[in-house]
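Enquirer: Here it is, the structure, as structure tokens.
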Amino acid sequence: MTRHVPALSRRAVLAYGIGAAGTAALIAGARPVRAQAPVTLVNVSYDPTRELYRAINDAFARHWREKTGQQVTIRTSHGGSGRQARSVIDGLDADVVTLALAGDIDAIAQHSRRLPADWQTRLPNNSSPYTSTIVFIVRKSNPKGVKDWSDLAKPGVGVVTPNPKTSGGARWNYLAAWAYELDRTQKNEEAAKLFVEAIYRNVSVLDTGARGSLTTFAQRNVGDVFISWENEAHLALKEFGEDKFEIVFPSLSILAEPPVAIVDQVVDRRGTRAVAQAYLDFLYTPEAQKIIAQNFYRPNRPEHADRVDLARFPQIRLVTIDGVFGGWSKAQNVHFSDGGVFDQIHRPGAASR
Amino acid sequence: MSEISNPTVASALSEPRWVRWSLILIGLAYLSLVVLLPLAAIFTEALRKGVGALHEVFADDATYSAIILTLTVAAITVPLNLVFGVAAAWAIAKFEFPGKSLLITFIDLPFSVSPVVSGLIFVLLFGAQGLFGPWLAANDIKIIFALPGIVLATTFVTLPFIARELIPLMQEQGTAEEEAALTLGASGLRAFITVTLPNIRWALLYGVLLCNARAMGEFGAVAVVSGHIRGLTNTMPLHVEILYNEYNFVGAFAVAALLALLALVTLGAKSLLEWRYGDALAGKGRH
């Protein structure tokens, strides 16, 4: 009895090993063998660009193969812009970063020196091949009658937006609201602070990224209005059905310029500078500008885009971060640093006051 | 025998019928609500668009590499914790030494620490801005946002499973049988293989299964150190979240179903072993 017992437990271990190896082999065998890609780029991006870069990556890979004969595979990582920047600072090897705002790439330059401080001058249009803005998504037929930013501050309106500490989009949302009230009150900062505070009092869920927030709003049915990237708003209508939601364009919003940059330290070590540079340059070509408009971003060379796509971008008054807030690093310091204005107006449990 | 044939004593010894039945019903209802229903939901969601859609999900490069990465991580983590767990349990149960209770406390630590913290400590240690960051960068060694970091975080989180299964059992069993083997002239290793191992084999197997299940399923700690690069550093649980965030609900639930299936297979394997070697199991423990 006791004699065959050790063999038994060995057999158990063996069975486990064979099982695991078998599963791996099965999955490996079920899949066609692919040629090894000669070069891989890692693009660390923010949340709502998944569909955009899937299309861009295919087009660029084709373009690069035709031009050089080399096969390029682009791997992407998506998440809240601030969190993604943090990962790059902590050592995530991104060949290129394509984030939601210049402030996040500034942070990478400042904290890790993986790219020079003047990165934004290296590509046209402040290194932003596309722009976007901030709009509202409301439920079908707009039951709360949301027309403009002022409606978001009214009691009883449920607002959904991500956390500005981790999400780039949320910072644009916040600053757009601030700019609206500044404009309305002829630059009364105190009024703007109270206004934004009133909006955040209506926020019940602060997700870490734009995607999480959209899921909260669209799938979990939380809130009456979702402050959203314009591109994300169109995508939400496409995904969840135009019979469920409507887009509301406020009277004034902010010009969001999501920038792109090469991470010098990574491309120099990996020897990928040429292809990484070509990848970013490609974003400014007619082919890419067309894809950009198709994916609901505002192309900065609209002449290359389809008219049908452009018709989805109504003219609204757009203010810039440099004009109203004196640039990202200043806005970041004043509003989103520890103990900054956002920390002052948004205190957990503040709603119970 | 005689008590059972006596109806008065039998009813005094067992609960009234309605108590028994309501307990069984409560147990079943609770299990259905908390375990079976969500499990069924995963599989129905995954199959909602048919088997063809499933094929598409698993033909995807990113999904494939997530599966391979998860299996690789488990294949490294489980043996590591197996060796450590047996060694630690052996030391704690069979010897007296200073700092023993401290060791037990530290083994429990990963259970009580939030997984996010478990991930962050490795970023603080091995991240580019971390303690060893500059040295690692100078020697071109990648830990965070690569396989080693994911393995480290997973090992940390799953560390207690095997040790925790073994310690109480080995403490209860004591050292008498090993001492007998040693006095009869067996070497230490032989005593371990022929006496200790058979005594702990079921607890060990159970610990390995739990450890494996958690290693494949860990989300929080891995999310911090992964970097979420599709096709490179994405594990299956992270891939489920990514697919879900891309509105690819069939894909998300398909990968989730595969994860659940892997867990069910491990549980099935355990039941099979118990059934096949039931007599050996019955002879478990001291006899």
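Enquirer: Which value in nm describes the separation of the simple spin-label points at A:Q277 and A:E189, placed 7 Å from the Cα toward the beta carbon?
Expert: 4.3
Enquirer: Shifting gears a bit: Compute the length gained on full extension between A:N142 and A:V324: take 0.36 nm times their separation in residues and subtract their Cα-Cα distance, giving the result in nm to one decimal.
Expert: So the chain would gain 62.5 nm between A:N142 and A:V324.
Enquirer: Cut-off 17 Å, label point 7 angstrom out along Cα-to-Cβ of A:N221: give me the residues of the stretch A:123-143 whose amide nitrogen falls inside.
Expert: A:138-143
Enquirer: Averaged across the residues of B:244-252, what count of C-beta atoms belonging to other chains lies within 10 Å of each residue's C-beta?
Expert: 4
Enquirer: For B:F95 and B:V51, calculate 0.36 nm times their separation in residues minus their Cα-Cα distance, and state this gained length in nm to one decimal.
Expert: 10.2 nm
Enquirer: Taking every eigenvalue of the Cα gyration tensor of the stretch B:136-257, multiplying by 5 and rooting it, what semi-axes result, largest first, whole Å?
Expert: After diagonalising the Cα gyration tensor, the semi-axes are 41, 19, 10 Å.
Enquirer: Can you list residues whose amide H is under 5 Å from A:I74's amide H, if they're 5+ apart or on another chain and H is modeled 1.01 Å from N?
Expert: Placed amide hydrogens put A:L41 under 5 Å from A:I74.
Enquirer: Show the residues, 5+ positions off or on another chain, whose built amide H is closer than 5 Å to the amide H of B:I229.
Expert: B:N234
Enquirer: Need one number for the protein assembly as shown: average projected area of the convex hull over its C-alpha atoms, nm².
Expert: Here the figure is 38.3 nm², rounded to one decimal.
Enquirer: Taking a point 7 angstrom from the Cα of A:D243 along the C-beta vector, which residues in the stretch A:123-167 have backbone N less than 17 Å away?
Expert: Within reach of a label on A:D243, which here means backbone N under 17 Å from a point 7 Å along Cα→Cβ, the stretch A:123-167 contributes A:139-142.
Enquirer: Rounded, prolate or oblate: which one fits the stretch A:262-353, using the alpha carbon gyration tensor with axes a ≥ b ≥ c (rounded when a/c is under 1.5, else prolate when a/b beats b/c, else oblate)?
Expert: It is oblate, given that a/c is not under 1.5 and a/b is not larger than b/c.
Enquirer: For A:T285 and B:V113, what does the FRET efficiency come to when R0 = 60 Å and r is the distance between their Cβ atoms, rounded to the nearest 0.05?
Expert: After rounding to 0.05, the efficiency reads 0.75.
Enquirer: Related question: Can you give the FRET efficiency to the nearest 0.05 for B:A75 and B:A269, using r as the Cβ-Cβ distance and R₀ = 25 Å?
Expert: Computed FRET efficiency for B:A75 and B:A269 comes out at 0.95.
Enquirer: Oh, and also: How much length is gained if the chain between B:A137 and B:W18 is pulled fully straight, taking 0.36 nm per residue apart and subtracting their Cα-Cα distance, in nm to one decimal?
Expert: 36.0 nm
Enquirer: Let me ask something additional. What does the charge count near B:L54 come to, summing +1 for each Lys or Arg and -1 for each Asp or Glu among other residues with Cβ under 12 Å from its Cβ?
Expert: Working: positive: B:R48, B:K49; negative: B:E45, B:E56, B:D60.
Neighbourhood net charge equals -1.
Enquirer: For a label point 7 Å from the Cα of B:E246 along Cα→C-beta, name the residues of the stretch A:52-89 whose backbone N is under 17 Å from it.
Expert: Only A:52-61, A:73-80 pass the distance filter.
Enquirer: On each of the three principal axes of the Cα atoms of the stretch A:60-118, give max minus min coordinate, whole Å, ordered largest first.
Expert: In descending order, the Cα extents are 38, 24, 20 Å.
Enquirer: Could you run the Karplus curve 6.51 cos²θ - 1.76 cosθ + 1.60 with θ = phi - 60° over the stretch A:166-182 and give me ³J(HN,Hα) per residue in whole Hz, x for Gly and Pro?
Expert: Taking θ as phi minus 60°, the curve returns 10, 10, x, x, 5, 5, 4, 4, 4, 5, 5, 4, 4, 5, 4, 6, 4 Hz for the stretch A:166-182.
Enquirer: Rounded to the nearest 20 Debye, what is the dipole magnitude of chain A about its Cα centre when Lys and Arg each give +1 and Asp and Glu each give -1 at the C-beta?
Expert: Value, rounded to 20: 1280 debye.
Enquirer: Once you average over the residues of B:227-240, how many Cβ atoms of partner chains fall within 10 Å of each Cβ?
Expert: 4
Enquirer: On to the next question. Using DSSP to call loops (not H, G, I, E or B), can you name the trypsin sites (Lys or Arg not before Pro) in the stretch A:40-127 whose Cβ has at most 15 other Cβ atoms within 10 angstrom?
Expert: Loop-located and lightly packed - A:R113, A:R122.
Enquirer: Given A:Y130, A:V157, B:A213, which one lies farthest toward the positive end of the charge dipole of the protein assembly as shown, if we put +1 on the Cβ of every Lys and Arg and -1 on the Cβ of every Asp and Glu?
Expert: Farthest along the dipole direction, towards plus: B:A213.
Enquirer: Taking trypsin sites (Lys or Arg not before Pro) as exposed when DSSP calls them loop (any state but H, G, I, E, B) and at most 16 other Cβ atoms lie within 10 Å, what is the longest stretch of chain B free of them, the sites themselves excluded?
Expert: Working: sites that count: B:R48, B:K49, B:K142, B:K284, B:R286.
Formally, the longest exposed-site-free interval is B:143-283.
Enquirer: Translational diffusion coefficient of the stretch B:90-146 at 25 °C, 0.890 mPa s, Stokes-Einstein with Kirkwood Rh over Cα pairs, in µm²/s as a whole number.
Expert: The Stokes-Einstein estimate is 180 µm²/s.
Enquirer: I would also like to ask the following. What ³J(HN,Hα) values, in whole Hz, does the Karplus curve 6.51 cos²θ - 1.76 cosθ + 1.60 give for the stretch B:179-190 when θ = phi - 60°, with x put for Gly and Pro?
Expert: Rounded to whole hertz, the list is 4, 4, 4, 5, 5, 7, x, 6, 6, x, 5, 5.
Enquirer: Oh, and also: Provide Rg over Rh for chain B; use the alpha carbon set for both Rg and the Kirkwood Rh (inverse mean inverse pair distance).
Expert: 1.06
Enquirer: Output wanted: per-residue J couplings in Hz (rounded whole) for the stretch B:159-165, from phi through Karplus 6.51 cos²θ - 1.76 cosθ + 1.60, θ = phi - 60°, x for Gly and Pro.
Expert: Coupling constants for the stretch B:159-165: 4, x, 4, 6, 4, 5, 5 Hz.
Enquirer: Please list the equivalent ellipsoid semi-axes of chain A, computed as the square roots of five times the alpha-carbon gyration tensor eigenvalues, in descending order and whole angstrom.
Expert: Largest first, chain A gives 39, 28, 22 Å.
Enquirer: Calculated FRET efficiency, B:F84 and A:N125, Cβ-Cβ r, R0 56 Å, to nearest 0.05?
Expert: Numbers: r = 55 Å, r/R0 = 0.98.
Between B:F84 and A:N125 the formula returns 0.55.
Throughout, read-outs are computed from the coordinates displayed, never taken from laboratory work. If you're wondering where the values come from, they're calculated on a predicted model, not measured in any experiment. Methodologically, a virtual Cβ is constructed for each residue, glycine included, from the backbone with ideal geometry; neighbour enumeration extends over all protein chains shown.
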